[in-house]
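What follows draws every value from the coordinates through simple rules; no lab data is involved. Only a predicted model underlies this, so the values are computations on that prediction, with no experimental measurement involved. Methodologically, a virtual Cβ is constructed for each residue, glycine included, from the backbone with ideal geometry; neighbour enumeration extends over all protein chains shown.
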Amino acid sequence: MTAVEPGELRRSGDRPARSGQAGHTDPPAGVGARHEQQGNCDDRTDPERGPCPAGAAGPPVASPAMAPRIDLLDPASFRGGQPHDQFAWLREHDPVHRHAEPDGPGFWAVTRYEDVRLVGREPTRFSSHPTIMIDDPPPGSGSEGHTMMLMADPPLHTAMRRLVSRSFTPRAATALRPRVAELARQIVDAVDGRDTCDLVADLAGEMPSFVIAELLGIPLEDGRRLYACTEALHSVRDASSRAAQAAAYREMFTYSRQVWERKSAEPGDDLSSLLIAGAIDGVPQDEIDFFLWFLLLIDAGGDTTRNLVGGGMLALFEHPEQLAWLLEDLDGRLGTAVEELLRWVSPVIHMRRTTTTATELRGTALQAGDKVVVYYGAANRDPEVFADAEQLLLDRDPNPHVAFGGGGPHICLGAHLARIEIECLLRELLGRYPGLRQAGEPTWPSSNFIYGPRTLPVRLAG
Ligand code: HEM
């Protein structure tokens, strides 16, 4: 999942912004603001001082005694597991926490379930514009008159979502199930005969790239290639990765323009053709709009779904009694198991909103323009909502987790499809390889936005 960022690609004929759109001057530009900020609490290393203070931006936090060091920007905090010690402390002592930001004004970190839901459900107070990433977009980035749905507020967001929603209803997702199951078979077939493989790259990552290719009406191989481009876009922004990122961005733009041209000339029964023919508030979609849809769809469903499978299997390896329970009745138990893995892993770490007005949250005064960052993994372990919240219980039911968002207008468009992808892949994999075992240590990406292992070696055993 990404945000649109600085522009290198330009097009002529910009058009006026609709309400709720960015008033930027460039066409969509770089992408992949994964914001693996190397933010740290360098000035907060003294354990006696407790959690990171707000710096200049905020008041001291309560009860520092025994507090862990709070740093939700440092990707290291999300390596090997989400920082549940920090989340637990914040939920209890400072649920609307003023977090310092080395290169920015600071933000409010929101960790309680009830508050995460509230922020997600009130777009008039908590806006998705200009971005859902913690970093602000660089000046001059974006594109006049074009907005990615993820960064739009109602009423524009409502109109945009209407354009695509019928492709993602429970009924539409269910209709895709046989094809997704077939893709799962193909994916697992490809590792048959091997002793070991990388569960993330060889299995989990294949599924979302194939499914999105299928939806967009492009060859499966191309889906894989585009997915690799988004990976490059997500890597930490430094001098060495900048050229690769620019190349990946250009490749995606060129590819989306080719699809635009091809499907404009010969529409098919696919999401690309639907988007190309679509209009929002009576304004036809142009190739930049299409490019933004293309990016959002490839990206939003990619590493999220992959990381749920990778992180979920790691959790099962770490809880062998739960894995054994699941294997006793894979078909019957996979439904609740997937929901619990979503709660447990919470692949999307956070989303940001921006206050539109001076307001308050749980008694804390917020100024207009403040960044408010909701932490789904923290909400998903809130003991006020989940009994035995720190235990993985695959039969947990009900399980009102917020892994797909807090229930507001932006709640994950692909949630039904994601569940089917995850279920089909786990059923195929564990059905064929019930003796699947971890075969080495996982590695972790450098991100504070999307959580899950980058690699996970496994031994394929029947
Ligand atoms: C385990 C897999 C997934 C997880 C955990 C996940 C999580 C999320 C979250 C947390 C949001 C933001 C919710 C909010 O701001 O309130 C979101 C939005 C979105 N997701 Fe997913 N997602 C997953 C899979 C998918 C898939 C497979 C697709 C599509 C193919 C998809 C498409 C989208 C889109 C388009 C949005 C933006 C919705 C909007 O702005 O209205 N996601 N997702």
For this session: Measure out, as a whole number of angstrom, how far apart the alpha-carbon centroids of the stretch 270-299 and the stretch 371-440 sit.
Result: 29
For this session: With a/c under 1.5 counting as rounded, go ahead and sort the stretch 252-398 into rounded, prolate or oblate using the C-alpha gyration tensor (a ≥ b ≥ c being the square roots of the eigenvalues; past the cut-off, prolate if a/b is larger than b/c, else oblate).
Result: oblate
Exercise. Of Thr354, Thr111, how do they rank once you tally other Cβ atoms within 10 Å and put the fewest first?
Worked result: Thr354, Thr111
Exercise. In debye, nearest 20: dipole of the stretch 42-459 around its Cα centre with unit charges on the Cβ of K, R (+) and D, E (-)?
Worked result: 480
Exercise. More than 19 Å apart: what percent of Cα pairs in the stretch 229-310 qualify?
Worked result: 48
For this session: Quick one: what are the phi-derived ³J(HN,Hα) couplings along the stretch 147-158, Karplus 6.51/-1.76/1.60 with θ = phi - 60°, whole Hz, x for glycine and proline?
Result: 9, 6, 3, 4, 9, 9, 9, x, x, 4, 4, 4
For this session: With no solvent and one equal point scatterer per Cα, compute the Debye intensity ratio I(q)/I(0) for the stretch 265-319 at 0.21 Å⁻¹ and report its log10, rounded to two decimals.
Result: -0.80
For this session: Could you pull out every residue, at least 5 positions away or on a different chain, whose amide H is within less than 5 Å of the one on Ser127? Hs are placed 1.01 Å off N in the peptide plane, and Pro or chain starts have none.
Result: Thr354, Thr355, Thr356
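Given Cα pairs under 8 Å that are at least 6 residues apart, what percent is the relative contact order of the stretch 110-189?
21
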Seminar exercise, completed: In order over the stretch 308-313: 3J(HN,Hα) from phi, Karplus 6.51/-1.76/1.60, θ = phi - 60°, whole Hz, x for each Gly or Pro, gives 5, 5, x, x, x, 5
Exercise. So, by mean Cβ neighbours within 10 angstrom, what's the order for 318-325, 441-448 with the highest one leading?
Worked result: 441-448, 318-325
Seminar exercise, completed: Of 97-103, 268-274, ordering from highest average Cβ density within 10 Å down gives 97-103, 268-274
Problem set entry | Nonlocal amide H pairs with Thr196, under 5 Å, H built at 1.01 Å | Leu460
Exercise. By per-residue mean of other Cβ atoms within 10 Å, what is the highest-first order of 384-391, 291-298, 178-185?
Worked result: 291-298, 178-185, 384-391
Seminar exercise, completed: Between the alpha carbon centres of the stretch 151-193 and the stretch 66-130 the gap in Å comes to 30
Exercise. Per residue and in Å³, how big is the convex hull formed by the alpha-carbon atoms of the stretch 42-459?
Worked result: 149
Seminar exercise, completed: Counting only residues 5 or more apart in sequence or on a different chain, those whose built amide H sits under 5 Å from that of Leu361 are Leu366
